[in-house]
Amino acid sequence: AGFDTPATFVKLNRALQARILVNRASQGCGNTCYTQALAAIGESFATAPGAATTLAQLNTGVYHNYSTATGDVQNGNSYAVNKSLFAHASIVTDAKTQPGGAPDDRLARKVVPLATPVSPPQEIGIPAQFTFSIYATPSSDVPLIRNEELILLRAEANIQLGNLAAALVDINTIRTVSGKLAPLATLGTTAQAIDELLYNRRYSLLLEGQRWNDHRRFGRLSQLPIDITSGPNTHFVAKVQPVPLAECDARPAPKPQGCP
């Protein structure tokens, strides 16, 4: 809805292009791709810096629809469908606090305690006390891309291009509107700005499929939590995204990274 004419569909195209360009930029393309990303964001449906003041504005975007109708697919990232979907405890402990002491509002909106904690669930070796409330029903829609992500993509591009004042405006929009956190006076150094960016991407895009990729492209996979460090069930952080076996079998040699 709202992106179903040639003129509005182009805005979706530019939004997805911006995401791709930022990913390419952080993996070698550098300033050229970051500059192109800013241009693409300007042609997308992103609100102007500082213009978004409500969650509804941040949630503007394009969504994949699920349904409980016969023959349709249900949302497998809904706890109503997948009772083995648990939130890692670090999501709760790492959350920053609002001025009044309450946790980041994104945590409050997206993560809830389990009615009955399990320890350990599904033989994964660690206890679980929380699950996600982001997709409340089997027919909850999943965003392909939202304004909130575009604002953070713009912040990332400006950070890497040295425009920290411009990035601060977008970071503070996300902090105050989505997280109800206090605005920052400064982003500090570039490294500190990236830390702040990744924190906000983590909570703003929770269960939208971005965190592992963010850590890989910034060389931070070692910062992801590992709960069992020895023994037959030792945990590890994957370095590549596995390719489905059927796709690997269909590919000619040489096989792509991620294939056995």
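Being charged (D, E, K, R), under 16 Å from the mean Cα position of the chain (by Cα) and more than 26 Å from A56 (Cβ to Cβ) is the filter here, so list the residues in the range 73-111 that pass it.
D94
Where residues in the range 27-42 are of a type in the set (G, A, S) and open to solvent by less than 30 Å² (accessible area, probe 1.4 Å), which of them is farthest from L153 (Cα to Cα)?
Taking the range 27-42 and keeping what is of a type in the set (G, A, S), we get 28, 30, 37, 39-40, 42.
Right, trim to open to solvent by less than 30 Å² (accessible area, probe 1.4 Å) and you get 30, 37, 40.
On the way: G30: 14, A37: 8, A40: 11 Å.
This residue is G30.
Please tell me if P256 is exposed (fewer than 12 other Cβ atoms within 10 Å of the Cβ) and touching a residue at least 12 places away in the same chain (Cβ under 8 Å). So that I can check it myself, show each step before the final result.
Numbers: exposed (fewer than 12 other Cβ atoms within 10 Å of the Cβ): yes; touching a residue at least 12 places away in the same chain (Cβ under 8 Å): yes.
It is true that P256 is exposed (fewer than 12 other Cβ atoms within 10 Å of the Cβ) and touching a residue at least 12 places away in the same chain (Cβ under 8 Å).
In the range 211-224, which residues are under 25 Å from G76 (Cα atoms) and without any contact (Cβ under 8 Å) to a residue 24 or more places away in the chain? Break it down into steps so the answer makes sense when it comes.
In the first step, residues of the range 211-224 are kept if they are under 25 Å from G76 (Cα atoms); the result is 211-216, 224.
R211, D214, H215, R216, L224, listed by residue number.
Check the range 127-140 and report whether any residue there is under 21 Å from P225 (Cβ atoms) and open to solvent by less than 10 Å² (accessible area, probe 1.4 Å).
yes
Take the residues in the range 55-84 that are over 21 Å from L144 (Cβ atoms) and open to solvent by less than 70 Å² (accessible area, probe 1.4 Å); name whichever of them is modelled with the lowest pLDDT.
The selected residue is S84.
Here is a list: E208, E196. Which entry is charged (D, E, K, R) and outside any helix (DSSP H, G or I)? Explain how you work it out, then say what you get.
On the way: E196 fails: outside any helix (DSSP H, G or I).
Among E208, E196, only E208 is charged (D, E, K, R) and outside any helix (DSSP H, G or I).
Here are the criteria: (1) without any contact (Cβ under 8 Å) to a residue 12 or more places away in the chain; (2) in contact with a Pro (Cβ under 8 Å, 6 or more places away or on another chain). Tell me which single one F86 does not satisfy.
(1)
Just for the range 174-193: of the residues that are part of a helix (DSSP H, G or I) and not β-branched (V, I, T), which one is nearest to I159 (Cα to Cα)? Lay out the reasoning, then the answer.
Taking the range 174-193 as the starting set, the residues that turn out to be part of a helix (DSSP H, G or I) are 174-178, 190-193.
Subset that is not β-branched (V, I, T): 175, 178, 191-193.
Details: R175: 16, S178: 20, A191: 9, Q192: 10, A193: 7 Å.
Only one residue fits best here, namely A193.
Let's see how each residue does on (1) within 11 Å of I171 (Cβ to Cβ); (2) open to solvent by less than 20 Å² (accessible area, probe 1.4 Å):
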position	(1), (2)
A182	no, no
A191	no, no
N200	yes, yes
L205	no, yes
W212	no, no
F218	no, no
S222	no, no
P225	no, no
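Which residue, of G50, G28, is of a type in the set (G, A, S) and either in contact with a Phe, Trp or Tyr (Cβ under 7 Å, 6 or more places away or on another chain) or closer than 24 Å to R106 by Cβ (or both)? Can you show your working first?
On the way: G28 fails: either in contact with a Phe, Trp or Tyr (Cβ under 7 Å, 6 or more places away or on another chain) or closer than 24 Å to R106 by Cβ (or both).
From the options G50, G28, the qualifying one is G50.
For the range 22-56, give me the residue count where each residue is assigned to a helix (DSSP H, G or I) and touching a residue at least 60 places away in the same chain (Cβ under 8 Å).
Going residue by residue through the range 22-56, those that are assigned to a helix (DSSP H, G or I) are 22-29, 31-42, 55-56.
Pick out the ones that are also touching a residue at least 60 places away in the same chain (Cβ under 8 Å) and you get 22-23, 25-27, 31, 34-35, 37-38, 41, 55.
The total comes to 12.
Give me the pairs, please: first residue somewhere in the range 7-20 and over 13 Å from A39 (Cβ atoms), second residue anywhere and open to solvent by less than 70 Å² (accessible area, probe 1.4 Å) and in a helix (DSSP H, G or I), beta-carbon distance under 7 Å, and either six or more positions apart or on two chains.
R19/L153
The values are calculated or read from the model by the stated rules, or taken from the named source; none is laboratory data. Model, not experiment: these values are computed from the prediction. Positions of Cβ are backbone-derived with ideal geometry, glycine not excepted, and every protein chain shown enters the neighbour counts. Just so you know, the surface numbers come from the protein's heavy atoms only, side chains and all, with ligands and any DNA or RNA stripped out. Shrake-Rupley method; radii C 1.70, N 1.55, O 1.52, S 1.80 Å.
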